[in-house]
Amino acid sequence: MENRLKILDAGDIDRIIIRMAYEILETHKGTENLALIGIHTRGVFLAKRIQSKILKAEGIKVPAGDMDITLYRDDWTMISYNPVVKATDISFSVDGKQIVLVDDVLFTGRTIRSAMDAVIDFGRPDRIELATLVDRGFRELPIQADYVGKFVKTNRSDRVNVLLSENDGQDMVVIEQGEVHGGS
C-alpha cells in the first residue's frame, strides 16, 4: 500500500516561485549578467516561471536555457542502456554570466554535479548557483542550493514527485512514502 502526502499545492508553488525570483534579484542586485538554466524536465518549466516573475518585477527578460544532463551522469548506464536524451538549448554565451541552475528536487546532488559539468562545457561563467523547489536532504556530494522553495524531511526510500501543469496538467508536490525496512 502506497501512502501519498500532498505537501504543496498550486498556490504554494506560485508563492515560492515569486519569492525565489525576488531572492535572486536581491542577491544579484538586479539582472545584469544573470541567466537561468532549467534542468530537464521540470526544472525547465520552473526556470521559465522564474524568468516570467523577474520580467514582471523588473521589466527585463533574463536569458533562460534548458539542459539535459543524461550523458553527464555518472550512473546513466544504470538507468538505461538506451537513455532518452532531450535537447539542450542554451542560446546565449555563459561566459561571464551569473548562472542559476533550476531543478525541481535536490536529493543526492549528483544531478547538479552533472549540470555544472555540462555548463562548463559551454564556457566559463563567473558563478553557478542553484535554485530548487524542494530540498529533501540525503546528499552524497557536498552540494547545496542557494535558493530553496521548501525543505522537506523524508525517508531515503520516499519519492518526492513534483507535478507541473506544463507537463502533468496540475501543480502540486507529493511525497510517496516508500517501504520502511526495519529489523525485528
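Annotation: amide H-H contacts under 5 Å for Gly178 (H modelled 1.01 Å from N, sequence separation of 5 or more, or interchain): Asp158, Arg159.
Around the Cα centre of segment 82-184, unit charges on the Cβ atoms of Lys, Arg, Asp and Glu (plus for the first two, minus for the last two) sum to a dipole of about 320 debye.
About its Cα centre, the dipole of the chain is roughly 260 debye, where the only charges are +1 on Lys and Arg Cβ and -1 on Asp and Glu Cβ. The ratio of the alpha-carbon radius of gyration of the chain to the globular-protein estimate 2.2 N^0.38 Å is 1.04. Applying 1/(1 + (r/R0)^6) with R0 = 25 Å to the Cβ-Cβ distance of Phe92 and Ile18 gives a FRET efficiency near 0.55.
Here the extension length gained between Ser157 and Thr27 equals 43.3 nm, from 0.36 nm per residue of separation less the Cα-Cα distance. Lys61: which lysines have alpha carbons under 19 Å from its alpha carbon, excluding same-chain residues fewer than 8 sequence positions away? Leaving aside lysines fewer than 8 places away in the same chain, those within reach of Lys61 are Lys29, Lys48, Lys53, Lys97.
Subtracting the Cα-Cα distance of Glu140 and Glu176 from 0.36 nm times their residue separation leaves 10.8 nm of extension gain. Each principal axis of segment 80-152 carries a Cα extent, and these read 35, 34, 19 Å when sorted largest first. Helix 42-58 and the long axis of the chain differ in direction by around 40°, with both axes built from C-alpha atoms. Protection proxy ranking, highest mean first, for peptides 153-165, 102-114: 102-114, 153-165, where packing is the per-residue count of other beta-carbon atoms within 10 Å, averaged.
Dipole of segment 46-168 computed with +1 at Lys/Arg Cβ and -1 at Asp/Glu Cβ about the Cα centre; of Leu106, Phe92, Gly65, farthest Cα towards the positive end is Leu106.
Values in this text are rule-based calculations from the coordinates and carry no lab data. Just so it is clear, the structure is predicted and the values come from calculations on it, not from any experiment. Ideal geometry is used to build each Cβ from the backbone, glycine not excepted, and the neighbour counts take in all protein chains shown.
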